[in-house]
1. Name the residue, out of A:SER392, A:SER381, A:SER377, that is surrounded by fewer than 16 Cβ atoms within 10 Å (Cβ to Cβ), within 12 Å of chain B (Cβ to nearest Cβ), small (Gly, Ala, Ser) and under 28 Å from A:ASP420 (Cβ atoms).
2. Can you find even one residue in segment A:25-47 that is among the aliphatic types (A, V, I, L, M), surrounded by fewer than 19 Cβ atoms within 10 Å (Cβ to Cβ) and farther than 18 Å from A:ALA222 by Cβ?
3. Which one is farthest from A:PRO549 (Cα to Cα), of the residues in segment A:183-238 that are within 15 Å of the chain's Cα centre (by Cα) and small (Gly, Ala, Ser)?
4. Condition check: out of contact with any Ser or Thr (no Cβ under 8 Å at 6 or more places or on another chain) and among the aromatic types (Phe, Trp, Tyr). Does B:PHE121 satisfy that?
5. Output the number of the condition that B:ALA168 fails; it satisfies all remaining conditions of (1) away from chain A (no Cβ under 14 Å); (2) over 26 Å from B:ASP260 (Cβ atoms).
6. Which one is surrounded by the fewest Cβ atoms within 10 Å (Cβ to Cβ) among residues in segment A:402-460 that are more than 14 Å from every other protein chain (Cβ to nearest Cβ) and of a type in the set (Val, Ile, Thr)?
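The numbers here are math on the coordinates, done by the rules we state, and not lab data. Fair warning: this is a prediction, and the values are worked out from it, not measured in the lab. Reconstructed Cβ throughout: ideal geometry from the backbone, glycine too, with neighbour counts over all protein chains shown.
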Amino acid sequence: MNDAGGNGSAEDLARAAAIAIERYSLAYSTAAGPFHALKSVSLTIPQGRTVGLVGESGSGKTSLAWAIMRYLPPNAVEGPGVIRLGGENLIEKSPAEIASIRGRRISMVFQDPSASLNPTLRIGDQISEVLMRHQKLTQKEALEEAAAALERTGIHRPRDIMRRYPHQASGGEKQRVVLATAFACGPECIIFDEPTTALDVITARQILDLFVRLRDDTGVSALYISHDLALVSRIAHEVAVIREGEIVERGRPAELFSSPKRDYTRALIAAAPRPENRLVTSRIAPAAEPLLSVRKANVRFGQPTRLQRLLGQTRAPVDALKSVAITVRPGEILGIVGESGSGKSTLARVIAGLQDFTGEIGFADRRFARRPDLDRSYRRSVQIIFQHPDASLNPRQRVKTILSRPLRLYDLARRGEIEDRVASLLSRVLLPANFSTRYPHQLSGGEKQRVAIARAFAAEPKLVVCDEITSSLDVSVQASIARLLVEIQAATRAACIFITHDLNLVRQLAHRIGVMNRGELVDMFETGDVNAADRHPYTRELMEAVAVPPWG
Amino acid sequence: MRDLLRHPTGVVGASLLLVIFLAVVAGPSLAPYDPQSFHPQARLQGPSATFWLGTDQFGRDVLSRILHGARATVLFGLGATLAGVSVGALIGITAGVAGRWIDSLIMRLLDGMLAVPDLLFTLLIVTVIGSSTGNAMLAVAVAFSPGMARIARSAVLSVRTRDFVQAAIARGESRAYIIGAEVLPNTIGPVIVEASIRVSFAIMLGATLGFLGLGAQPPSTEWGLMIAEARQFMFRNPWCVAAPGLAIAIAALGFNLFGDALRDILDPRGRR
């Protein structure tokens, strides 16, 4: 990776600005009055430089991207201020002029590559369309040029990819295609809106390396939007932190992260998980009798039904879990990491009794060989918390109904006590007692996840399965949820299976870590041994792909 | 309710419905004349101070007949929809909850019924069981139920895979609790919305059946029947066709806009 922070800002000042935003404001008019998305934002992207824009959801970072692209919804109201591209004010341009600028002089790369490619057009046609439109190439020349552009992104057989439709390409290939399209016309500036967030760790790393290589080859200026401080600090020459539509701090990454001036920046830096910053202090005796032991668990999807077999249709079934064996000791936090599709969520569903399996689950001194055998007492002892709190709470039930349900179901409280118990559950997850009369949609994402945690612990479980419970939350909320979980876990001594793709986070709080890949458990180790020599190659590959916060 | 008043379509729909329901409730007492009394001296007249919307071929006051007919027409639409929605929703929820081959069987049968256009289907039923208001209502209800069943089923299916239902299964909840407390309350929304839009189709189907002489029978003041009776005199006095036609249009539009607004408001994505 190149030395991003090495150039002095005096040199930056001498460079002409590719994009210059001066005191730009933007509001959306809504039924509840105007919502100010951007408040007098000033930002300069010098030519050939990458500026990182870091902020949490709702901070206005995507609004800024759309404002530069001149693609605003009808209810947008722009305040005074200018957005200049190479000296020309974009705000004063006519729609036709903007259309010829977009894609040619300025382009954009989105978070989700499958959403930004047209599913009904072949990939080759999508790249060549941009070239034909802006470079006035003939179709033959454009296809030629598209193949060359794809080759530059490291795709080995570009002709092959160009004949395919987007759904026939992998996520990494699609994002390469999007990058190739963005770079195709040699634009002055490219806006990257979280281009690696939707990708797996290893693919994300490859795309990031590709971005750096293409940027250095072409000398393009870039605005790189992300919520990931560690990632931005590696690639940007300058970082701007945005909060509630205002840029609160700017500076070179090394300086910004080592000596932040504003409290918000400091909080943001503190919230990013750092592996050496352990949240868990307890130790688990290695010889302890396991609480849960899963043996030879297999799950197979897409097995042909009896009718299909009768009709002679055969499909290759997918093995979501291949003979997986894990043990969890009482009071232990077991981290499970892996990329999407590695089977980690399937494992969670098997343990929570939501997925049919073959094999055996041992819990305390009982044995279960089939899902229907998992009875209410097992289900009470093993609770699950899901990734999306929006989906895991019934929108038609008040918080008190949601929290009192486990108490009633498992007879954990007498009728008169339920209200008190709900209040104490809420206080345990640091929510005020009057939240009990609210509906889920009246809560924020983090508050909803707290309610979901309270519901799981209401059953007084011995094991809680946490399936990516922090992934859909903002960085600062993530940190508080992780800390809360560890606190409750320590107080109740319940064991915990913590499933995540965030390797920095799992190293903060797990006693042991299991690594899954393609339905198999490939590695299992004590957290302290993460860098030991006998780690599985895949584990090492994962660890290397992740940006560890450099400051501290 | 406040949301409804802020929704422009909702305001228009609600005001139209208000007018219609005023006629349903108080129509007969507001009517200036007896709807069946003949005025032989004043047949097929246009609007005047004495007959605000003119008279028909027997000299009956069109305004009075429309006011009297509101009840029959609108209640027909509401009744048919209510019956069709209840039966359809019940079938759809059963299919969605049962799943597997029961679901496939029910849905294939309903697909077959859906393949026949609503009007043709109601005509078929009325021809078989005989023409009367009650039978026409029954026919419309039967024609509606497959569509409603589909909507109810898809609502059940989309709710069933949501995490809160999965959480209930993981807790070890009984089937009855999961269906009654977790699934059903979340499927009611789309069913109610669809029902309110369907009322307008029911009114139009009812009027069509009346027009074809297969629904209400003379001397009923049902709006469709009024148009059918006055049809041959349309060129001498267009008002005796246009006025009840307009009344049908207002009722149908009212329910339709109201249902559309309801859909926007009940959609949780639109709620802040």
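1. Numbers: A:SER392 fails: surrounded by fewer than 16 Cβ atoms within 10 Å (Cβ to Cβ); A:SER381 fails: surrounded by fewer than 16 Cβ atoms within 10 Å (Cβ to Cβ).
Among A:SER392, A:SER381, A:SER377, only A:SER377 is surrounded by fewer than 16 Cβ atoms within 10 Å (Cβ to Cβ), within 12 Å of chain B (Cβ to nearest Cβ), small (Gly, Ala, Ser) and under 28 Å from A:ASP420 (Cβ atoms).
2. yes
3. It comes out as A:ALA198.
4. Considered against the rule, which asks whether it is out of contact with any Ser or Thr (no Cβ under 8 Å at 6 or more places or on another chain) and among the aromatic types (Phe, Trp, Tyr), B:PHE121 comes out as yes.
5. So the condition that B:ALA168 fails would be (1).
6. Checked segment A:402-460; the qualifying residue surrounded by the fewest Cβ atoms within 10 Å (Cβ to Cβ) is A:THR437.
To keep it simple, each residue is scored yes or no on (1) surrounded by fewer than 22 Cβ atoms within 10 Å (Cβ to Cβ); (2) basic (Lys, Arg); (3) out of contact with any helix residue (DSSP H, G or I) (no Cβ under 9 Å at 6 or more places or on another chain); (4) not in a loop (DSSP other than H, G, I, E, B).
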{"position": "B:SER200", "(1), (2), (3), (4)": "no, no, no, yes"}
{"position": "B:LEU214", "(1), (2), (3), (4)": "yes, no, no, no"}
{"position": "B:THR221", "(1), (2), (3), (4)": "no, no, no, no"}
{"position": "B:VAL241", "(1), (2), (3), (4)": "yes, no, no, yes"}
{"position": "B:ALA251", "(1), (2), (3), (4)": "no, no, no, yes"}
{"position": "B:LEU257", "(1), (2), (3), (4)": "no, no, no, yes"}
{"position": "B:ALA261", "(1), (2), (3), (4)": "no, no, no, yes"}
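Okay, residues lined up against (1) within 33 Å of the chain's Cα centre (by Cα); (2) in contact (Cβ under 8 Å) with a residue 60 or more places away in the chain; (3) in a loop (DSSP other than H, G, I, E, B):
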| position | (1), (2), (3) |
| --- | --- |
| A:MET108 | yes, yes, no |
| A:PRO119 | yes, no, yes |
| A:LEU131 | yes, no, no |
| A:ARG159 | yes, no, no |
